[in-house]
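**Student:** Got a structure for you, questions after.
The values are calculated or read from the model by the stated rules, or taken from the named source; none is laboratory data. Quick caveat, the model's predicted, so the values are computed rather than measured. Every residue, glycine among them, receives a Cβ derived from its backbone with ideal geometry; neighbour counts consider all protein chains shown.
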Amino acid sequence: MPDYPYQAKRAHVTGNGVCVMIVDTATGNVTSVVMEQSTGNGILDKVTTDAFRKWRFKPGTVSRIRVPISYE
């Protein structure tokens, strides 16, 4: 899961959102990441999408996945 940025946590920046990943079914690599619902903070959205771009899935298992995220 994405790390809660120290600066945001210290400043009590919170937010909830939904991230959507598109996965290449042949390789399991994430090919696209977008915030379907923003957390309301650009820094939190960027940390979320950057982390999910690194995820890998077992090939042939998923092609699209929605992940709720909460920073509190």
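**Student:** Condition test on THR48, is it touching a helix residue (DSSP H, G or I) at 6+ places or on another chain (Cβ under 9 Å) and under 17 Å from PRO2 (Cα atoms)?
**Tutor:** No: the conditions fail for THR48.
**Student:** Just wondering, is there one or more residues in segment 5-12 that are part of a loop (DSSP other than H, G, I, E, B) and not aliphatic (A, V, I, L, M)?
**Tutor:** First, pick out the residues of segment 5-12 that are part of a loop (DSSP other than H, G, I, E, B): 5, 11-12.
From what's left, not aliphatic (A, V, I, L, M): 5, 12.
Yes, some residue in segment 5-12 is part of a loop (DSSP other than H, G, I, E, B) and not aliphatic (A, V, I, L, M).
**Student:** Checking GLY40 against (1) surrounded by 13 or more Cβ atoms within 10 Å (Cβ to Cβ); (2) on the phi < 0 side of the Ramachandran plot; (3) in a loop (DSSP other than H, G, I, E, B), which single condition isn't satisfied?
**Tutor:** GLY40 satisfies every listed condition except (2).
**Student:** Confirm whether THR31 is modelled with pLDDT of 95 or more, in a strand (DSSP E or B) and polar (S, T, N, Q).
**Tutor:** Yes, satisfied.
**Student:** Select, from LYS58, LYS46, the only residue that is assigned to a helix (DSSP H, G or I) and modelled with pLDDT of 95 or more. Quick ask: steps written out before the conclusion?
**Tutor:** Numbers: LYS58 fails: assigned to a helix (DSSP H, G or I).
Selected residue: LYS46, the only one of LYS58, LYS46 that is assigned to a helix (DSSP H, G or I) and modelled with pLDDT of 95 or more.
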